[in-house]
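See structure below.
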Amino acid sequence: MAVRINNMESNNRKVTQRLGNFNVIEYTKDLSVAPDNAVSEYFMAKMDVRRRQLAIALNGNDSATVQAGAMQWTTGSVAATTGVKGVGDLFGKMARSMVTKESAIKPEYVGAGMLVLEPTYKYIILQDVASWGPSGMAIEDGMFLACAGSVQHKAVARSSISSAVAGGEGLFNLCLSGQGIAALESNVPLDELIEVELDNDVLKIDGNMAVAWTAGLQFTVERSGKSLVGSAASGEGLVNVYRGTGKILMSPVAQSYSLGAATH
């Protein structure tokens, strides 16, 4: 038995990123249009608003964990499991889901074949989790799309819970660590993201502009000035502060959250 997939790449559909067995397919044009939406689709393509899909090749020795409901099709002997490795693991996943706003059960696909996820208008960013160091990478809520089954998931808390509450931010973020590839769904393309490397130093950001950061960094929400009067005088209020040694992927522009409404 064998499966051969034809026309995955064509004049209109290209693989734009490859990292390990993770492949990002991008539609250069949306040819499946009708007269009533042809104009909007044309200008969307001009602004790089295109459908993208993640395709993961499984060889029988590896697996992939994906966001719940993200699978579109599979070939070969690929099967979905819950990824739950016992009662303790189930409770851990449920607890992490409650604090990170991620789905508790993310299906894990095993076997040999191809796994293709639903198309999205967001940008798909591939990252080697090991390159973020032993503490792993923390990601902003809602960005997780898929990762290798060897990647570990946990929740990391803000260093100062009271300041997170004051800043209107969540108290926890999903952290990915270990060995393997991770795919993130971003409203901002990788080319626009700025990477800031800290060596026992500090980064302050006015707003929720960081999309991923080294989980070992001390992350707090603080007043921009030393006092309430100083913050008021500077015209700034609370800022996200990252201290220590590690790196941060930061968007220099406000993210266009309307992209989320255009997915699938």
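Points to keep in mind about this one:
- Selection status of residue 10, exposed (fewer than 13 other Cβ atoms within 10 Å of the Cβ) and of a type in the set (S, T, N, Q): yes
- Of everything in the range 109-147 that is at pLDDT below 95 and charged (D, E, K, R), the residue that is nearest to residue 186 (Cα to Cα) is 122.
- The set of residues from the range 50-70 being over 24 Å from residue 177 (Cβ atoms), part of a strand (DSSP E or B) and not polar (S, T, N, Q) comprises 52, 55, 60.
- Any hit, the range 161-169, residues being modelled with pLDDT under 75 and loosely packed, with under 13 Cβ neighbours inside 10 Å: yes
- Of all residues in the range 204-219, those satisfying the criterion of being outside any loop (DSSP other than H, G, I, E, B) and crowded, with 20+ Cβ neighbours inside 10 Å are 210, 211, 212, 213, 214, 219.
- Filter result (within 15 Å of residue 19 (Cβ to Cβ) and either at pLDDT 95 or above or crowded, with 19+ Cβ neighbours inside 10 Å (or both)) within the range 187-203: none
- Picking from residues in the range 220-264 that are assigned to a loop (DSSP other than H, G, I, E, B) and modelled with pLDDT under 60, the one that is farthest from the chain's Cα centre (by Cα) is 227.
- Per-region count, the range 2-18, residues in contact (Cβ under 8 Å) with a residue 24 or more places away in the chain and farther than 14 Å from residue 53 by Cα: 2
- When residues in the range 1-35 are screened for being out of contact with any helix residue (DSSP H, G or I) (no Cβ under 6 Å at 6 or more places or on another chain) and in a loop (DSSP other than H, G, I, E, B), 19 of them pass.
The values are calculated or read from the model by the stated rules, or taken from the named source; none is laboratory data. Keep in mind that what you see is a predicted model, and the values were worked out from it rather than measured. Neighbour counts run over all protein chains shown; Cβ positions are idealised from the backbone, glycine included.
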